[in-house]
Amino acid sequence: MRHGEVHNPARVLYGRLPGYRLSTDGRHMARQAAEYVKSLERPVSALVCSPLQRTQESAGAFTELFRLPPGIAGQ
C-alpha cells in the first residue's frame, strides 16, 4: 500500500525529501487500511516499509493491529 495523505500546505514536490509527515487525514487513512486488512482474517507475517517518515507513520497502524515490528527496506 502507499502511505496516507502527507501534511504539505506549501504544496512542495517533496519526492524523497525527509520531514514530510502524515496529515490527520493521512493517519486516519492508514488506520482504515490496516483495519480493512485485519478484517480479511488472513495471516500477515511481515511488515516492511521504506525509511521515509510518512511510510513509517503509515506502518504504525499495522504495527498496532498486527503486533509486528516494521522492517525498514534496505536496512
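No lab work stands behind these numbers, since they all come straight from the coordinates. Note that the structure is predicted; figures quoted are calculated from it, not measured. When we count neighbours, we look across all protein chains shown, and the Cβ atoms used for this are built from the backbone with ideal geometry, even at glycine.
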Those residues of region 34-59 that are assigned to a helix (DSSP H, G or I), surrounded by fewer than 18 Cβ atoms within 10 Å (Cβ to Cβ) and not charged (D, E, K, R) come to a total of 5
Within region 8-33, count every residue that is among the polar types (S, T, N, Q), more than 14 Å from residue 55 (Cα to Cα) and not in a helix (DSSP H, G or I). 1
